[in-house]
Amino acid sequence: MSDFILETKALTKEFRGFAAVSDVNLQVRRGTIHGLIGPNGAGKTTCFNLLTKFLPVTRGSISYDGRDITSMKPAEVARLGLVRSFQISAVFPHLTVLENVRVALQRQRGNSFDFWRADSLLKQYDDRAMELLADVGLTEYAELAAGQLPYGRKRALEIATTLAMDPKMMLLDEPTAGMTAEDVDRIVTLVKRVSVGRTVLLVEHNLKVVEGLCDSITVLARGQVLAEGDYAAVSANPEVIAAYLGTDPASVGVPESAA
């Protein structure tokens, strides 16, 4: 078995000739938290959409857990254990917190008509749903309508519904976006806890979060890989600093030939 659970080769996505992602070679090691960072417009979310098949690949290949998934559909890769969250909060606001997790668990039946099943039948999922809510610190909110949760708690609920899919690998898109400092700390602790025994790939703008969470980091800029390594290495890279600050590489000590 390869050390890498996810690999891409020359991954490229073009929109009418514009390369949003260009020749990206990515390797994510099993059992690690891997950060995908870069300034706005770097291609991070597009890359996520390619990995989870919400966008078709223009060129290149994607391998997950030893299988070529380049041409698969989103539901197919999710069934293989590659599951993602989204930047925008995605909960059923009028269902309770418990019911949101239960909906995610119902996919185990492989039946599209579970919404029409008797409530007594669906309650078989309640124990597992409560376990997942305990994992993300939401036990006391189980009977609350999800739409009434504070924003940070909604993101925790999304992680619970992602865990309900029993993923081998979780892709988290901006898990701390728009949060207070207290909520950020809570989500960082949560991601560390749920990553045990799994692999996590996350897009994140908050570099303190990246520093505290990620074992390794890939930096994108203009759709291409700019740098790779641990936080200490990439944060000291002059080209990375230039990309984030929008400065001329020469002004941070990068020779013009490297720009």
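Restricting to the range 47-77, name every residue that is charged (D, E, K, R) and part of a helix (DSSP H, G or I).
76
Listed here are the residues, each with its yes/no results for (1) at pLDDT below 85; (2) crowded, with 18+ Cβ neighbours inside 10 Å.
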| residue | (1), (2) |
| --- | --- |
| 48 | no, yes |
| 53 | no, yes |
| 59 | no, no |
| 62 | no, yes |
| 77 | no, yes |
| 80 | no, no |
| 87 | yes, no |
| 90 | yes, no |
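Residues of the range 135-152 being closer than 14 Å to residue 90 by Cα, assigned to a helix (DSSP H, G or I) and modelled with pLDDT of 90 or more, which ones?
Of everything in the range 135-152, those that are closer than 14 Å to residue 90 by Cα, assigned to a helix (DSSP H, G or I) and modelled with pLDDT of 90 or more turn out to be 146, 147, 148.
So how many residues does the range 1-46 have that are touching a Leu at 6+ places or on another chain (Cβ under 9 Å), assigned to a loop (DSSP other than H, G, I, E, B) and over 21 Å from residue 85 (Cβ atoms)?
The qualifying residues number 1.
Scan 248, 215, 173 and give me the residue that is in contact with a strand residue (DSSP E or B) (Cβ under 6 Å, 6 or more places away or on another chain), modelled with pLDDT under 90 and within 22 Å of residue 43 (Cα to Cα).
173
Considering only residues that are assigned to a loop (DSSP other than H, G, I, E, B) and surrounded by fewer than 22 Cβ atoms within 10 Å (Cβ to Cβ), look in the range 153-170 and name the one that is modelled with the highest pLDDT.
168
Under the condition of being without any contact (Cβ under 8 Å) to a residue 60 or more places away in the chain and not in a helix (DSSP H, G or I), which residue from the range 181-228 is farthest from residue 171 (Cα to Cα)?
Restricting to residues being without any contact (Cβ under 8 Å) to a residue 60 or more places away in the chain and not in a helix (DSSP H, G or I), the top hit is 227.
Any residue in the range 18-34 that is on the phi > 0 side of the Ramachandran plot sitting within a Cβ distance under 9 Å of a residue that is of a type in the set (S, T, N, Q)? List the pairs, counting only those 6 or more apart or interchain.
Note: pairs meeting the criteria are 23/12; 23/224; 31/195; 31/199.
The values are calculated or read from the model by the stated rules, or taken from the named source; none is laboratory data. This structure is a prediction, so every number in the text was calculated from the model and none was measured. Counting neighbours? That spans all protein chains shown, and the Cβs are built from the backbone with ideal geometry, glycine included.
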